[in-house]
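Asker: Quick one: the structure is below, questions incoming.
The values are calculated or read from the model by the stated rules, or taken from the named source; none is laboratory data. Since the model is a prediction, treat every value here as computed from it, not as a measurement. Here the Cβ is made from the backbone with ideal geometry for all residues, glycine too, and neighbour counts use every protein chain on show. Side chains included, ligands, DNA and RNA excluded: accessible areas come from the protein's heavy atoms. Shrake-Rupley method; radii C 1.70, N 1.55, O 1.52, S 1.80 Å.
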Amino acid sequence: MKFKVTRANENNFETGLRGFFAYKNLGIEEATSGGFGANVIKAMEGKHANGEWHYHKLKFQMVYILKGFVEFEYKGEGTFTLNEGDVVYQPPEIHHREIKHSDDLELIEITSPAEFETVSLNNA
């Protein structure tokens, strides 16, 4: 691991895992040789969640809401609306889906490892 500073103007938002979100890499993946990832994720105008059940093959995942709201459903846990300042720790491989989000949603997601497999459950 190495020390890393990522400036506000360094990484731009790009497409990523979900087509209704844009992702800004915060440089943690590079600093930790892929051990951890951190992204700012924001809603893309006019695009919304499709409610697809899925899970991620990873060791750690947390989400912190910066702006707006998002509603998630977790198998065995229920449905939760997360607002600005709320945080959720999603245990490894918990089955979940996004139901809806505000147009101004912005959040930070931290994962370990940085790159991980997502498994869709809708076609299983």
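Asker: Being hydrophobic (A, V, I, L, M, F, W, C) and touching a strand residue (DSSP E or B) at 6+ places or on another chain (Cβ under 6 Å) is the filter; apply it to the stretch 23-47 and report the residue that is farthest from Glu109 (Cα to Cα). Spell out how you get there, then give the answer.
Answerer: If we filter the stretch 23-47 for residues that are hydrophobic (A, V, I, L, M, F, W, C), which is where we start, we get 26, 28, 31, 36, 38, 40-41, 43-44.
Next, only the ones that are touching a strand residue (DSSP E or B) at 6+ places or on another chain (Cβ under 6 Å) stay: 26, 28, 36, 38, 40-41, 43-44.
Values: Leu26: 10, Ile28: 11, Phe36: 10, Ala38: 6, Val40: 6, Ile41: 7, Ala43: 13, Met44: 16 Å.
Restricting to residues being hydrophobic (A, V, I, L, M, F, W, C) and touching a strand residue (DSSP E or B) at 6+ places or on another chain (Cβ under 6 Å), the top hit is Met44.
Asker: Further, regarding this structure: With the structure loaded, tell me whether Ala38 is touching a residue at least 24 places away in the same chain (Cβ under 8 Å), within 22 Å of Val70 (Cβ to Cβ) and under 14 Å from the mean Cα position of the chain (by Cα) or whether it fails that test. Walk me through how you get there before you give the answer.
Answerer: On the way: touching a residue at least 24 places away in the same chain (Cβ under 8 Å): yes; within 22 Å of Val70 (Cβ to Cβ): yes; under 14 Å from the mean Cα position of the chain (by Cα): yes.
Answer is yes for this residue.
Asker: To continue, here is another question. Looking at Gly35, Gly51, Gly46, which is the one that is surrounded by fewer than 17 Cβ atoms within 10 Å (Cβ to Cβ), modelled with pLDDT of 95 or more and assigned to a loop (DSSP other than H, G, I, E, B)? I'd like the intermediate steps shown before the answer.
Answerer: On the way: Gly51 fails: modelled with pLDDT of 95 or more; Gly46 fails: modelled with pLDDT of 95 or more.
Answer to the check: Gly35.
Asker: Look through the stretch 54-68, keep the residues that are closer than 22 Å to Leu82 by Cβ and of a type in the set (Lys, Arg), and return whichever of them is least open to solvent (accessible area, probe 1.4 Å).
Answerer: Looking at the filtered set, the residue picked out is Lys67.
Asker: Hey, does the stretch 66-87 have a residue that's within 18 Å of Thr15 (Cα to Cα) and either charged (D, E, K, R) or without any contact (Cβ under 8 Å) to a residue 40 or more places away in the chain (or both)?
Answerer: Looking only at the stretch 66-87, we keep the residues that are within 18 Å of Thr15 (Cα to Cα), and these are none.
The answer is no; no qualifying residue exists.
Asker: Still on this model: Quick check, is Glu71 open to solvent by 40 Å² or more (accessible area, probe 1.4 Å) and among the charged types (D, E, K, R)?
Answerer: Details: open to solvent by 40 Å² or more (accessible area, probe 1.4 Å): no; among the charged types (D, E, K, R): yes.
For Glu71, the condition - open to solvent by 40 Å² or more (accessible area, probe 1.4 Å) and among the charged types (D, E, K, R) - is not met.
Asker: Let me ask you something else. Just to be sure, is Leu105 farther than 30 Å from Lys2 by Cβ, in contact (Cβ under 8 Å) with a residue 40 or more places away in the chain and crowded, with 17+ Cβ neighbours inside 10 Å? Let's see the steps before the verdict.
Answerer: Working: farther than 30 Å from Lys2 by Cβ: yes; in contact (Cβ under 8 Å) with a residue 40 or more places away in the chain: yes; crowded, with 17+ Cβ neighbours inside 10 Å: yes.
So Leu105 fits the description; yes.
Asker: Got a sec? Which of Pro113, Pro92 is without any contact (Cβ under 8 Å) to a residue 60 or more places away in the chain, in contact with a Phe, Trp or Tyr (Cβ under 8 Å, 6 or more places away or on another chain) and open to solvent by 40 Å² or more (accessible area, probe 1.4 Å)?
Answerer: On the way: Pro113 fails: without any contact (Cβ under 8 Å) to a residue 60 or more places away in the chain.
So the residue among Pro113, Pro92 that is without any contact (Cβ under 8 Å) to a residue 60 or more places away in the chain, in contact with a Phe, Trp or Tyr (Cβ under 8 Å, 6 or more places away or on another chain) and open to solvent by 40 Å² or more (accessible area, probe 1.4 Å) is Pro92.
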